[in-house]
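So the structure is just underneath, and the comments pick up after that.
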Amino acid sequence: MSNNTALLQVTGLQVAYGGIQAVKGVDLEVHSGELVCLIGSNGAGKTSTMKAITGLLPCVGEINYLGRSIKGQGAWDLVSQGLAMVPEGRGVFTRMSIVENLQMGAYIRDDKPEIAADMAHVFELFPRLKERRSQMAGTLSGGEQQMLAMGRALMSRPKLLLLDEPSMGLSPILVDKIFDVVREVRAQGVTVLLVEQNASRALAIADRAYVMESGLISLSGDAQTLRHDPAVRAAYLGEAA
Ligand SMILES: Nc1ncnc2c1ncn2[C@@H]1O[C@H](COP(=O)(O)OP(=O)(O)OP(=O)(O)O)[C@@H](O)[C@H]1O
Ligand SMILES: [Mg+2]
């Protein structure tokens, strides 16, 4: 597809920590309405890629969003342009309540009635959060914090949502819940870039996928094709080659 149809286009991305090159020239693009996943083993460079895209790490290369460079822009600028990220490890405001965290997610907005409606929607997606709405986020379980982090990102009404391992450390039931919500959010028109260790689940819901290995994209294509690719099955889906 041509460059000008990509919502997010990353070209030649490199990230280094001191002398260690963690991302070695990654190209990827996400088109409006797509659910794209980025899979790969521990240490492949997935989080570094996401952090570079969202301005949390210095990098080499180009990052275009809506046709313009967003390189080096911080979370505030990105969220106000419709790009929200749920980081690995969640990053909720621990000394604020659930409701306050969700309100923080909407800080760029001034359409009060709609903010209230969106909070009601988040509570529909995650009834658990509604039950505990006044509880301090720091006292929530890991899974509840993950739901809150996703809810908070949704409160900004993102065009593009970047999720870094939303299912990490969760019980099987919560993993199901998170994948259901990702699917639902996408069905509502949000474009999603999903980083996941859980390759099988991610490929099952994605349109396209990128496989990352040692700082490079080793494979990419249609998610269902990759899901049935013997090399992918052997390396990431725990099956014999
Ligand atoms: N702050 C840091 N300082 C030095 N090296 C780092 C730092 N953060 C990450 N790295 C290294 O960069 C490489 C890529 O790490 P990254 O976190 O991007 O991988 P990942 O694909 O997200 O892995 P995981 O699936 O375990 O989350 C790893 O070798 C890691 O040790
Ligand atoms: Mg990671």
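Things worth noting here:
- Of all residues in segment 154-166, those that are under 15 Å from Trp76 (Cα atoms) and part of a loop (DSSP other than H, G, I, E, B) have Cβ atoms under 7 Å from Cβ atoms of residues that are of a type in the set (Ser, Thr, Tyr) and away from ligand 1 (no atom under 16 Å from the Cβ), 6 or more apart or on another chain, in Lys159/Thr191.
- Just one of the listed residues (Leu170, Leu194, Leu161, Leu154) is in contact with a strand residue (DSSP E or B) (Cβ under 9 Å, 6 or more places away or on another chain), closer than 30 Å to Gly40 by Cβ and within 16 Å of ligand 1 (Cβ to nearest atom), namely Leu194.
- Among the residues of segment 1-53, the ones that are modelled with pLDDT under 95, more than 10 Å from ligand 1 (Cβ to nearest atom) and crowded, with 21+ Cβ neighbours inside 10 Å come to 0 in all.
- Segment 211-232, residues that are within 29 Å of Gln81 (Cβ to Cβ) and either within 14 Å of ligand 2 (Cβ to nearest atom) or free of Cβ contacts under 8 Å to residues at least 12 places away in the same chain (or both): Met212, Gly215
The values are calculated or read from the model by the stated rules, or taken from the named source; none is laboratory data. Please read all numbers here as calculations on a predicted model, not as lab measurements. Methodologically, a virtual Cβ is constructed for each residue, glycine included, from the backbone with ideal geometry; neighbour enumeration extends over all protein chains shown.
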